[in-house]
Amino acid sequence: MFHYKTGLDFALEQDRNDKLKAYRNQFHIPKNQDGSDCIYMTGNSLGLQPKNTKAYVNQELDDWAQLGVEGHFEAKNPWLPYHEFLTKSMANVVGAKPIEVVVMNTLTANLHFMMVSFYQPTKTRYKILIESDAFPSDKYAVESQLRHHGFDDKDGLVLWKPRKGEELLNYEDLQTILQEQGQEIALIMIGGVNYYTGQYFDLKRITQLGHEYGCKVGFDCAHGAGNVQLNLHDSGADFAVWCTYKYLNSGPGSLAGCFVHERHAHNKNLNRFTGWWSHNKATRFNMRNEFDQLPGAEGWQLSNPPILSMAAIKASLDMFSEVGIEQLTEKSKKLTGYFEFLLKQLGEDTIRIITPENPNERGCQLSIQVKNADKSLHDKLTQAGVISDWREPDVIRCAPTPFYNSFEDVYRLAEKLKTILNE
Ligand SMILES: Cc1ncc(COP(=O)(O)O)c(C=O)c1O
Ligand SMILES: Nc1ccccc1C(=O)C[C@H](N)C(=O)O
C-alpha cells in the first residue's frame, strides 16, 4: 500500500522521484491555446505520439524513395521480414512466446480471423458467450459470426451480466451460466479489460472454467495491451487480439496484435483463412507451390503488411523494450491509486468509481460516475484543458498512463473537478 497525501507538494515530490519521469518529454503532449500542456487522460482511446515516431516512419519513406521495390530486401530494416522486428518486443508486452504473436491487420478483422479458426459450431454446441457490456464492435462481430454459420444471433448470444444494481462482473455468475449452458457454448470471448468499467478479468480463471466445459476461450485485449501484465501464454487462452493505438501509442488505426497459443502452433487442421503471407517464407516467391503453412501465429497472416504503420509500432515497442511492462505497471498502480485517493477526497456521495478497487483487477483507467451529472460536466472539463472521455449515460473515463502522465497531471485534474463541482 502506498501512503498518499493531499496537496501539490506531494504530487511534485512523486514526480521528482519517478524513475520514468524522463519519458514524458519523449511524447508530444497536446497543448492548450495558451501553450500549456493539456491534461491528457485518454491513452485508453488514442495513445500519444512518441517524438521518435517521425524518424522511424521517415526512415521507411526515405528508403522507399531511394530504393523503390529493392527496399523489400535492401532497406535498412528490410520490408519483407519487417513484422519479425516487432514480434519479440510485442510478445514481451503481452506475456507470450514469440511463436504465439504476430502484428497484422486491424483489431476487429483479427477477431473475425480468430473466430474462423476457434469458433467451429456444431448443431448442439454453437453459442458464443460475451460480457453484456462488451465493446460494440466485438458484439457486432460475434453476432455476425453466429449469422454466418446459420444461427439466430439472439438465441446464440449468451451474455454474462452484472447483478442488479452492480456494474462489475462476478465469476460465480459465469460459473452458473456454464453449469447451465456450458455444453452449448462453443466460444467464450471476453474483453480482457472491459472498456467501460475498466475491470481487468482473471484471464486464467476464465480460460480454465471455459476449457472445463469444452469451450474455446479468446480475449479482446484492446484495453489490456501495454496497460496490464496480460501473461497471455500462462492464461492458456486459445487466442487473443488487441490494437496498438491505445496504450501502445502506435497511431490512429494502426495495425493490431494477435496471439494464438503455442499448443495450436503446428496444427494444420484448424480451419483458417489464408493468403500468401501464411505460406512458408522460403518458398513464398516460387509462386506456384502447393500451400505450405507457416507455423505459429505468423501462419494467420494473409497480406504483406503496411510498413509505414509498422514503423510507428516499432518506434513505440522500442520504448516498451527499454522500460519493460513491469516498471510501467508498477508506476501505473501508484498513479491510479493516487487518482483514486484524490477522488475520494471529493466526497464519496458525489463521486462513485465503478472500476474495481483492487489494483490487480484494473489497469490505469478509472471510470467515474458523478451524482446528477450530465455531459455538461465533461464539457466543462474539456474547457478547463482536460482531455477525458464521456460515455453515455453518465460515466467519465480517465486513464492516467504511466509513460507520459505525471502525478501533477492527476493532482490538477482532481483540482479542476473540485472547482467545477463547487460552482
Ligand atoms: C474492446 C474494443 N474492441 C474493438 C474496438 C474497435 O477496434 P477496431 O476499430 O480497431 O477494429 C475497440 C476500440 O476502438 C475496443 O476498445
Ligand atoms: N479507434 C477510435 C476511433 C474513433 C473514436 C474512438 C476510437 C476508439 O478507439 C475508442 C476506444 N475503443 C474506446 O474504448 O474508447
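Table for the structure above
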read-out	value
Hz values of 3J(HN,Hα) by residue in segment 277-287 - Karplus curve (6.51, -1.76, 1.60), Gly and Pro given as x	7, 8, 8, 2, 4, 5, 10, 4, 8, 6, 6
Environment charge at Asp63 (Cβ cut-off 11 Å; Lys +1, Arg +1, Asp -1, Glu -1)	-3
Calculated from backbone phi, Karplus (6.51, -1.76, 1.60) coupling profile of segment 79-96 in Hz, x at Gly/Pro	6, 4, x, 4, 4, 5, 5, 9, 5, 5, 5, 5, 4, 5, 4, 9, x, 10
Other-chain or far-sequence residues with amide H under 5 Å of Cys38's (modelled H)	Lys31, Asn32
Exposure rule at most 15 other beta-carbon atoms within 10 Å, DSSP loop trypsin sites (Lys or Arg not before Pro): the chain longest free segment	165-267
Helix-only [θ]222 nm of the chain, DSSP H runs n ≥ 4, -39500 (n - 2.57) each, per residue, nearest 500	-11500 deg cm²/dmol
Dimensions (Å) - segment 308-423, Cα atoms, principal axes, largest first	45, 32, 25
Protein accessible area in the chain, 1.4 Å probe - carbon and sulfur %	48
For the chain, built as a Gaussian network whose Cα springs stay under 10 Å, the top-fluctuating residue of Leu67, Leu377, Leu230	Leu67
Under-5 Å amide H pairs with Lys216, H placed in peptide plane, nonlocal only	Leu187, Ile188
The chain, accessible area per residue, ligands and nucleic acids excluded (1.4 Å, Å²)	45
Fraction of beta bridges assigned by DSSP in the chain that are antiparallel (%, nearest 5)	55
Rg/Rg_globular for segment 104-167, with Rg_globular taken as 2.2 N^0.38 Å and Rg from C-alpha atoms	1.18
Residue-by-residue Karplus 3J(HN,Hα) for segment 105-116, coefficients 6.51, -1.76, 1.60, Hz, glycine and proline x	6, 10, 4, 5, 4, 4, 4, 5, 4, 5, 6, 4
Given 16 as the ceiling on other Cβ atoms within 10 Å, longest exposed-site-free region of the chain for chymotrypsin sites (Phe, Trp or Tyr not before Pro) in DSSP loops	3-272
Highest-MSF residue in the chain out of Asn289, Asn360, Asn267 [GNM, Cα springs under 10 Å]	Asn289
Environment charge of Ser45, counting only residues whose C-beta is closer than 10 Å and scoring Lys/Arg +1, Asp/Glu -1	+1
Overall dimensions of segment 58-322 as given by Cα atoms, namely Rg and Dmax in Å	19.0, 63
Radius 15 Å from Cβ of Gly251, net charge of other residues (Lys, Arg +1; Asp, Glu -1)	+2
Most fluctuating residue given options Ala65, Ala315, Ala237, as computed from a GNM of the chain linking Cα atoms under 10 Å	Ala65
5 angstrom amide H check on Asp389, placed H, neighbours 5+ away	Arg397
Entries in Lys76/Lys331; Lys97/Lys154; Lys139/Lys333; Lys76/Lys334; Lys246/Lys416; Lys246/Lys281 that, when Cα-Cα distance is taken, lie over 28 Å	Lys76/Lys331; Lys97/Lys154; Lys139/Lys333; Lys76/Lys334; Lys246/Lys281
Whole-angstrom gap from segment 59-93 to segment 12-32, using each part's C-alpha centre	31
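The values are calculated or read from the model by the stated rules, or taken from the named source; none is laboratory data. Just so we're clear, the structure is a prediction, and the values are computed from it rather than from any experiment. Please note: Cβ atoms are built from the backbone with ideal geometry, for glycine as well, and neighbour counts cover all protein chains shown. Only protein heavy atoms, including side chains, enter the accessible area calculation; ligands, DNA and RNA are left aside. Shrake-Rupley method; radii C 1.70, N 1.55, O 1.52, S 1.80 Å.
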